Structure formats: C-alpha cells, structure tokens
Amino acid sequence: MNSLELVEAAGNGDTKLVASLLASGADVNSQDEHGRTALVKAAKAGDADVINMLIEQGADIHLRDNRGTNAVYWAAEKGHTHIVEILIENGADVDAIDDRGWSALDHARATHNTDLSRILEKAAGIPRIV
C-alpha cells in the first residue's frame with residue numbers, strides 16, 4: 001500500500017478513500033516529496049471532515065514540510081478560518097515560521113483577514129490593540 005495515496009486523497013477531500021486507507025494501515029503521518037502530510041494537504045484544501053478524521057487517527061499536528069510550514073500555516077494562507085480554529089483547538093503551533101520567516105498570522109494580516117488575524121493573535125497570546 002502506498003501511504004502517499006493518503007496524502008493525495010486528503011488533499012482531494014476524498015473522505016471515503018482516506019478512511020479506507022487509514023483502516024488498511026496507511027501511515028497517517030506519511031509525507032510526499034515536498035514533506036507535506038495528509039493533514040497539511042487537507043488544511044490547504046479547507047476540508048474539516050478529513051482534518052477531523054486525521055486528527056482522530058493521531059496525525060501529528062506539528063509536522064512541517066520542506067519549507068518549514070505546518071497545517072495551520074497553510075489553512076491561514078488559504079483563508080480557511082474554520083480549519084485554523086480546529087487546528088488551534090488541537091494544539092497547533094501558531095508561531096511556526098516558514099523558510100521565508102512568515103507565520104500563519106503574517107498571511108492573515110497580509111490578506112487583511114481581520115477575523116483570522118484576531119483568532120491567531122489570541123492563540124499566540126498577542127494582546128489586541130483597539
């Protein structure tokens with residue numbers, strides 16, 4: 001069985017295939033050639049069902065890809081507020097930075113996503129300036 005199939009299925013939002021692959025013993029933390037896990041791909045795609053399934057199966061929420069990014073980083077970059085909230089609730093490292101020095105909060109601020117910025121600021125313990 002190819003655990004890379006799990007990474008792709010997660011990125012495509014194929015919950016049935018993800019469930020089947022996990023039941024067949026696929027490594028929930030397997031990484032593709034870019035170091036991206038199924039959790040990262042699901043976060044990037046904004047798929048809460050797959051995210052929850054992977055977390056329930058023990059996905060390591062802290063794994064980073066070859067660029068130093070993690071699942072919360074990708075969810076923030078794509079503007080998936082609900083996914084960021086799920087990841088934070090499960091202990092995501094919101095302070096992680098990529099190889100360019102960017103964090104999830106940097107992406108939220110760069111896109112002027114005020115709601116997402118507030119969520120990430122709160123999770124990072126940054127006081128809100130009114």
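In table form, for the structure just shown:
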{"quantity": "Stretch gain in nm, segment Ala110-Ala23, where the contour uses 0.36 nm per residue and the Cα spacing is subtracted", "calculated": "27.3 nm"}
{"quantity": "Gaussian network model of the chain, springs between alpha carbon atoms under 10 Å - residue of Ala71, Ala42, Ala59 with greatest fluctuation", "calculated": "Ala59"}
{"quantity": "Among 90-99, 30-39, the order from most to least packed when residues are scored by Cβ within 10 Å on average", "calculated": "30-39, 90-99"}
{"quantity": "Extent along principal axes [Cα atoms of the chain; Å; largest to smallest]", "calculated": "52, 26, 21"}
{"quantity": "About the Cα centre, charge dipole magnitude for the chain (Lys/Arg +1, Asp/Glu -1 at Cβ), debye", "calculated": "380 debye"}
{"quantity": "Solvent-accessible surface ranking, highest first, for Lys122, Lys78, Lys44 at 1.4 angstrom", "calculated": "Lys122, Lys78, Lys44"}
{"quantity": "Cα long-axis angle, helix 114-124 against the chain (0 to 90 degrees, to the nearest 10)", "calculated": "80 degrees"}
{"quantity": "Karplus 3J(HN,Hα) series, Hz, for segment 42-58 with 6.51 cos²θ - 1.76 cosθ + 1.60 (x for Gly, Pro)", "calculated": "5, 5, 4, 7, x, 9, 5, 4, 5, 4, 4, 4, 5, 5, 4, 8, x"}
{"quantity": "Contact order relative to length of the chain, as percent, for alpha carbon pairs under 8 angstrom and 6 or more apart", "calculated": "18 percent"}
{"quantity": "Residue-wise HN-Hα coupling along segment 70-75, computed from phi with Karplus coefficients 6.51, -1.76, 1.60 (Hz; x: Gly, Pro)", "calculated": "10, 4, 5, 4, 5, 4"}
{"quantity": "Accessible heavy-atom area order of His62, His80, His107, highest first, probe of 1.4 Å", "calculated": "His62, His80, His107"}
{"quantity": "Segments 9-15, 82-88 sorted - mean Cβ within 10 Å per residue, highest first", "calculated": "82-88, 9-15"}
{"quantity": "Radius 15 Å from Cβ of Asp14, net charge of other residues (Lys, Arg +1; Asp, Glu -1)", "calculated": "-1"}
{"quantity": "Structure-based [θ]222 nm, the chain - -39500 (n - 2.57) summed over DSSP H runs of at least 4, per residue, nearest 500", "calculated": "-14500 deg cm²/dmol"}
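The values are calculated or read from the model by the stated rules, or taken from the named source; none is laboratory data. The structure presented is a predicted model; accordingly, all values stated were derived computationally and were not measured. When we count neighbours, we look across all protein chains shown, and the Cβ atoms used for this are built from the backbone with ideal geometry, even at glycine. In case anyone asks, the SASA skips ligands and DNA or RNA and just uses the protein heavy atoms, side chains included. Shrake-Rupley method; radii C 1.70, N 1.55, O 1.52, S 1.80 Å.
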